[in-house]
Amino acid sequence: MDQTNRSVVVGESVVVKWLTPPAPLPQPTPDMFAHLTSVGFTATATPYAAVSRRDDEGELLLALVTAYLPDAVDGWEWCVDEAVSGGTSFAADLGVLSADLHAAMATPSETFPDPVRTATFPARHTPDKRGHHGTGPVNRWFTRAEEAVNTALTLTGGDDGDWLSAHAGALRAEIAPLASSGATPLIRIHGDLHVGQMLRWRDGYAVIDFDGNPTVVGADPFQPAARDLAQLTTSLEHVGQVAVKRRDADPLVIAGWAAGARAALESAYLGRLTELGHAGLLDRSLLRPFEIEQECRELIYAAGHLPRWRYAPMGVLRSWYR
């Protein structure tokens with residue numbers, strides 16, 4: 001999938017990622033880099049610098065400079081190869097890496113001295129007499145997911161749009177639990193955690209690009225870990241769709257591959273979190289609603305940035321609602 005920014009390799013030593021357009025500061029990535037470095041998380045490209053400028057409208061982040069990782073290939077290439085070959089051993093590695101990232105984000109540092117919060121809201125979600133749902137954290141999550149569904153319905157035309165409209169009720173039913181969730185811990189998450197952000201390089205795997213979801217504006221930096229995990233597992237489904245469309249893979253075989261890879265990733269993720277003493281970070285009840293929201297966000301991304309990508313989220317949704 002195409003990047004919304006532009007990265008340039010300089011002398012096989014550093015990578016300069018130019019933000020297009022430049023982003024108003026503060027942005028999450030510089031602080032995330034500072035925090036992860038201070039708590040010893042090394043499964044990323046070593047951050048070197050952030051380039052900014054000040055003008056009449058304020059300070060803008062122009063570029064990020066990180067280490068070059070030799071022989072690096074992103075997941076839209078190496079993971080498609082795995083899908084075609086039927087390999088799933090990589091999934092456990094990604095699960096462990098994701099758990100290590102979340103555990104690191106839950107570790108205090110000078111940058112983030114209080115890295116874990118708890119969202120507490122009523123066990124039951126009851127609208128007031130005017131039908132309003134309040135302003136608590138759970139309602140923001142539900143509203144965000146509902147807006148994603150509605151926007152995807154608006155932006156998706158043709159046969160895909162007709163299919164989506166016919167299944168709108170099912171999609172809304174899947175996100176409804178967000179309006180009645182219990183307490184869950186919140187951390188700063190990656191925010192755009194898909195296989196394309198997982199580089200396989202000479203020394204293993206590295207997660208990159210902490211800029212957040214390009215289809216979300218003004219999101220609270222504290223979110224459930226389940227949001228990252230849901231995006232990562234659904235991206236495995238997208239890999240399967242790429243393998244079917246571009247590599248003529250058998251859809252039924254790929255469906256089995258995706259199910260196996262997802263299960264292995266989730267199991268390794270939870271096992272690693274438990275090992276690190278952070279099992280409580282994952283609220284599994286949020287996974288499915290966030291998966292539905294993410295597929296709708298993929299459709300929004302396709303409509304705004306990459307129209308040819310629409311086949312992937314639509315293929316996943318059609319496979320879920322046969």
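Rule-based calculations on the coordinates, nothing more; no lab input. Everything numeric here is computed off the predicted structure, so don't read it as measured data. Methodologically, a virtual Cβ is constructed for each residue, glycine included, from the backbone with ideal geometry; neighbour enumeration extends over all protein chains shown.
A few points about this structure:
- In this entry, region 171-321 is assigned a mean projected area of 10.1 nm², taken as a quarter of its C-alpha convex hull surface.
- Highest-MSF residue in the chain out of 52, 165, 98 [GNM, Cα springs under 10 Å]: 52
- Computed magnitude of the charge dipole of the chain (debye, nearest 20; Cβ of K, R +1, Cβ of D, E -1): 700 debye
- All Cα-Cα separations within region 1-123 were binned at 5 Å from zero, giving a P(r) of 2, 9, 14, 16, 18, 18, 12, 7, 4, 1, 0, 0, each value a whole percent of the pairs.
- Evaluated on the chain, the Kirkwood hydrodynamic radius is 20.5 Å, with distances taken between all distinct Cα atoms.
- Residue-count net charge about residue 51 - beta-carbon cut-off 15 Å; Lys, Arg +1, Asp, Glu -1: +1
- An oblate overall shape is assigned to region 168-259, the ratio a/c of its alpha-carbon gyration tensor axes (a ≥ b ≥ c) being 1.5 or greater and a/b not exceeding b/c.
- Database remark: amide H of residue 59 closer than 5 angstrom to the amide H of 25 (H placed geometrically; neighbours at sequence offset of 5 or more, or on other chains; Pro and chain starts carry no H).
- Amide H contacts under 5 Å for residue 14, placed H, 5+ residues apart: 68
- Hull-based mean projected area of region 1-68, where the convex hull spans the alpha carbons, in square nanometres: 5.3 nm²
- Mean residue ellipticity at 222 nm, helices only, the chain: -15500 deg cm²/dmol; runs of at least 4 DSSP H residues each add -39,500 (n - 2.57), and the sum is divided by the number of residues.
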